[in-house]
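Note sheet for the following structure.
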Amino acid sequence: MRRVVITGAGTINALGHDVPTTLEAMREGRCGIGPLEIRDVDRLAVKIGGQVKGFDETEHFNRQQIALYDRFTQFTILAARQAMAQSGLEFRGALADRSGVVLGTSGGGLTTQDENYRVVYEEGKNRVHPFIVPKLMNNAAASHVSMEWNLRGPSFTVATACASSNHAMGLAFQMIRSGMADAMITGGSESMLVFGGVKAWEGLRVMSKDACRPFCATRNGMVQGEGAGVFIFEEYEAARARGAEILAEVVGFAMSSDASDIVMPSKQGAARAIAGALADAGLDRGQVGYINAHGTGTAANDKTECAAVADVFGTHADRLMISSTKSMHGHLIGGTGAVELLACIMALRDGVIAPTINYEEPDPECALDVVPNEAREANVDVVLSNAFAFGGLNAVLALRKAG
């Protein structure tokens, strides 16, 4: 089987509008969560989020593009531009035919939906813009990325709630490894921080009103974020032949389904995905140095994830570092795994483990090294990225230091 490497990365999220700014914030343990600046925020019980601030769409897109691009698509394209610039890859000829895009999202064009529900139901108008359907569809971002960079191979969107990005990146990895494709643009994006989106999540009663505190005894729920993370995956020999800088190697991927409950996670399902990623990569459990956890800050997720890690790693779990960057950038739902992959790359390349901030009191049911509050310098060769979604859908990626 062919080896798969990452040669480009891009992002826009609550911590920064590019990768260097985001990684600097992660190193500093800076929090990007704050008061929401959205319409009708006074009608919400939850008024905080990991919102992208200082973003002006007119600085990046023309009027015709804005008419077609929902906010989640805009985030995707901006992140993809960064990733493509770093990779130096050009999709022409045969390579264009054998390259594609697979992205994750959960809400898709929810901003467009929210705006147009207002137009029809609140303002009583009988017409909407003719491009509303192509603007709000979940595959809009993937389609526009394929058109902007001439990707004529497999291109589609994955929607598996909070595991969407990891599923998308895992499938991109598998397609290149198997020989179906030579290069893929992959990752995910989300923009659900609109009145309708936040109000719907309020109904679940899993949201914090003050802060995201994963693995902490005083945690009281998750906090939503928004943004995108996009990467260039390509076949190792081709990347090396053209002299590309390799950020990390993707070495394993596994998926599982709890098949038990629509919202309550299963320790067994999560453990099977973690163990499956290790088996797929041919790794020994003792080789893993860091896990970027799903770590939402809800009691059900945090306790279940820690129990699954303990089951899979046994005594090695005590020597593992595990942290949740959602404490800084919020939970990007379908886009979250993509932004979190940046922390995995930082751990491998820079030897810096992003912290779990807002940590106040240890929880006996989360008795692992959660890298509380401050980043840590550590030399790690292998990392895992966990994603566990509503519906019991789990996706875990394994990465290794470039070499």
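Does S165 satisfy being part of a helix (DSSP H, G or I), of a type outside the set (K, R) and in contact (Cβ under 8 Å) with a residue 60 or more places away in the chain?
Details: part of a helix (DSSP H, G or I): yes; of a type outside the set (K, R): yes; in contact (Cβ under 8 Å) with a residue 60 or more places away in the chain: yes.
Answer is yes for this residue.
In the set A45, A67, which member is loosely packed, with under 15 Cβ neighbours inside 10 Å, closer than 19 Å to S143 by Cα and in contact with a helix residue (DSSP H, G or I) (Cβ under 9 Å, 6 or more places away or on another chain)? If you could, list the steps in order and put the result at the bottom.
Values: A45 fails: closer than 19 Å to S143 by Cα.
A67 is the lone residue from the list that is loosely packed, with under 15 Cβ neighbours inside 10 Å, closer than 19 Å to S143 by Cα and in contact with a helix residue (DSSP H, G or I) (Cβ under 9 Å, 6 or more places away or on another chain).
Might you let me know whether the range 332-347 holds any residue that is part of a helix (DSSP H, G or I), among the β-branched types (V, I, T), within 20 Å of the chain's Cα centre (by Cα) and on the phi > 0 side of the Ramachandran plot? Let's see the steps before the verdict.
First, pick out the residues of the range 332-347 that are part of a helix (DSSP H, G or I): 333-347.
Imposing the further condition that a residue be among the β-branched types (V, I, T) reduces the set to 333, 336, 339, 345.
Those left that are additionally within 20 Å of the chain's Cα centre (by Cα): 333, 336, 339, 345.
Add one more test, that the residue is on the phi > 0 side of the Ramachandran plot, and what stays is 333.
Yes, the conditions are met somewhere in the range 332-347.
All of A347, A271, A307 fail the test of being hydrophobic (A, V, I, L, M, F, W, C), surrounded by 24 or more Cβ atoms within 10 Å (Cβ to Cβ) and at pLDDT 95 or above, apart from A347. Output the residues belonging to the range 217-246 that are touching a Gly at 6+ places or on another chain (Cβ under 8 Å), among the hydrophobic types (A, V, I, L, M, F, W, C) and crowded, with 23+ Cβ neighbours inside 10 Å. Within the range 217-246, M222, V223, A228, V230, F231, I232 meet the criteria.
For M192, are the conditions met, namely being within 17 Å of the chain's Cα centre (by Cα), part of a loop (DSSP other than H, G, I, E, B) and either polar (S, T, N, Q) or crowded, with 24+ Cβ neighbours inside 10 Å (or both)?
Working: within 17 Å of the chain's Cα centre (by Cα): yes; part of a loop (DSSP other than H, G, I, E, B): yes; either polar (S, T, N, Q) or crowded, with 24+ Cβ neighbours inside 10 Å (or both): yes.
It is true that M192 is within 17 Å of the chain's Cα centre (by Cα), part of a loop (DSSP other than H, G, I, E, B) and either polar (S, T, N, Q) or crowded, with 24+ Cβ neighbours inside 10 Å (or both).
Taking the criterion of being surrounded by fewer than 24 Cβ atoms within 10 Å (Cβ to Cβ), farther than 30 Å from K199 by Cβ and in contact (Cβ under 8 Å) with a residue 24 or more places away in the chain, the residues of the range 84-117 that qualify are M84, A85, Q86, G88, L89, F91, R92, L95, A96, D97, R98.
Restricting to the range 76-89, name every residue that is over 8 Å from A141 (Cβ atoms) and either hydrophobic (A, V, I, L, M, F, W, C) or part of a helix (DSSP H, G or I) (or both). It would help to see each step written out before you state the result.
Let us first name the residues in the range 76-89 that are over 8 Å from A141 (Cβ atoms), namely 78-89.
The answer is L78, A79, A80, R81, Q82, A83, M84, A85, Q86, S87, L89.
The residues on offer are A94, A83, and the sole one that is within 30 Å of R240 (Cβ to Cβ) and in contact with a strand residue (DSSP E or B) (Cβ under 8 Å, 6 or more places away or on another chain) is A83. Residue count for the range 172-189, restricted to those that are under 20 Å from the mean Cα position of the chain (by Cα) and surrounded by fewer than 21 Cβ atoms within 10 Å (Cβ to Cβ): 1. Among residues of the range 360-403 being out of contact with any helix residue (DSSP H, G or I) (no Cβ under 8 Å at 6 or more places or on another chain), surrounded by fewer than 24 Cβ atoms within 10 Å (Cβ to Cβ) and part of a loop (DSSP other than H, G, I, E, B), the one that is modelled with the lowest pLDDT is G403. Restricting attention to the range 48-58, does a residue exist that is in a helix (DSSP H, G or I), surrounded by fewer than 24 Cβ atoms within 10 Å (Cβ to Cβ), assigned by TED's automatic domain parsing to the domain that holds T11 and not acidic (D, E)? Yes: one or more hits. Against the list (1) free of Cβ contacts under 8 Å to residues at least 60 places away in the same chain; (2) small (G, A, S); (3) within 21 Å of T11 (Cβ to Cβ), the condition G314 fails is (3).
Take the residues of the range 118-162 that are of a type in the set (F, W, Y) and not in a loop (DSSP other than H, G, I, E, B): which is surrounded by the most Cβ atoms within 10 Å (Cβ to Cβ)?
F156
The values are calculated or read from the model by the stated rules, or taken from the named source; none is laboratory data. Because the structure is a prediction, the values reported are computed rather than measured. Please note: Cβ atoms are built from the backbone with ideal geometry, for glycine as well, and neighbour counts cover all protein chains shown.
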